[in-house]
Amino acid sequence: MRRETVADQGLSILRSRILDGDLRPGDAVTEEAMARDIGVSRPTMREVLTILVGEGLLTRHPSTRILQVTTLTSAEVTEIYAARRILESAGVDGARQATAEERGRLEDTIREMEAAVADNDLYALVQADSRCHAETVALTRSRHLCALHDQLMAKLNLTLSQVESDQPSDNAELLRLHREYVELMLGGDTEAAKTQLLLRLDAAEKDVLEGLRRQETAGKTQRRTLPSARAL
């Protein structure tokens with residue numbers, strides 16, 4: 001088993017602070033301050049910051065060169081969803097050659113969603129939903145495509161944690177759609193699965209973009225504890 005290093009721990013703490021909204025888009029993140037705050041050495045924090053830049057959660061300001069929590073524009077959100085459509089559709093195509101282990105991992109995400117809905121655990125439901133999308137891309141059997149998808153989702157989740165949705169969450173419907181999606185894929189009807197997936201991504205993109213527009217109109221950043229289930 002891989003032993004967690006101090007850098008791993010620091011990375012987990014700072015990533016959580018960004019995704020949970022403790023650090024907001026545009027906030028400056030300096031090596032010295034973060035090292036002192038989290039309790040790690042500056043070389044360790046330098047390593048952590050480099051990883052977060054690679055993940056897209058931190059961006060260097062073009063003029064000051066200071067690292068800031070990434071702010072996504074509407075155009076960038078649109079680009080992320082365009083990339084997701086390609087990556088996740090490729091995963092659906094890969095379902096035709098899915099092994100028993102790969103099928104089992106997809107089915108596990110539905111069982112996790114079922115348990116989360118039964119417990120009314122929104123956090124667990126969002127996590128299981130995200131894993132379903134990740135396991136879809138994993139069917140491409142390309143670690144490069146999976147890494148790209150993980151990076152895109154991290155940046156998207158950063159935006160989702162900052163904008164309000166006007167769409168009420170229907171957790172039972174979310175579960176039904178994902179169960180149907182996985183059944184279609186594993187049942188061999190990949191075209192129907194792909195159509196259903198793309199419709200959900202279209203609706204999610206529209207929801208996020210509308211949230212960004214409302215935020216821009218209000219002239220302030222609104223924090224959400226969790227993204228709505230639809231906006232994934």
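Throughout, read-outs are computed from the coordinates displayed, never taken from laboratory work. Everything numeric in this text was worked out from a predicted model, so none of it was measured. Don't worry about glycine lacking a Cβ; one is built from the backbone with ideal geometry, like all the others, and counts go over all protein chains shown.
The table below gives the values:
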quantity: Label zone at residue 218, where the point sits 7 Å out along the Cα-to-Cβ direction: segment 10-29 residues whose backbone N lies under 20 Å; calculated: 18-27
quantity: Potential extension, residue 86-residue 4 segment - 0.36 nm per residue separation minus Cα distance; calculated: 26.2 nm
quantity: Phi-based couplings in Hz for segment 15-29 (Karplus 6.51, -1.76, 1.60; Gly and Pro marked x); calculated: 4, 5, 5, 6, 6, 7, x, 5, 10, 9, x, x, 5, 6, 10
quantity: Whole-Hz ³J(HN,Hα) from phi, Karplus 6.51 cos²θ - 1.76 cosθ + 1.60, for segment 128-144, glycine and proline x; calculated: 5, 4, 4, 5, 4, 5, 5, 5, 4, 5, 4, 5, 6, 6, 10, 5, 5
quantity: Cβ-placed point charges (K, R +1; D, E -1), dipole of segment 165-204 about Cα centre in debye, nearest 20; calculated: 100 debye
quantity: Interchain or long-range residues, amide H under 5 Å from residue 139's placed H; calculated: none
quantity: Dipole magnitude (debye, nearest 20) for the chain, charges at Cβ of Lys, Arg, Asp, Glu; calculated: 760 debye
quantity: Between segment 1-55 and segment 87-156, the Cα center-to-center distance that results, in Å; calculated: 26 Å
quantity: Residues whose placed amide H lies under 5 Å from that of residue 58, excluding near-sequence neighbours; calculated: 53, 70
quantity: Residue of 183, 135, 216 that the Gaussian network model of the chain assigns the largest fluctuation, springs spanning Cα pairs under 10 Å; calculated: 216
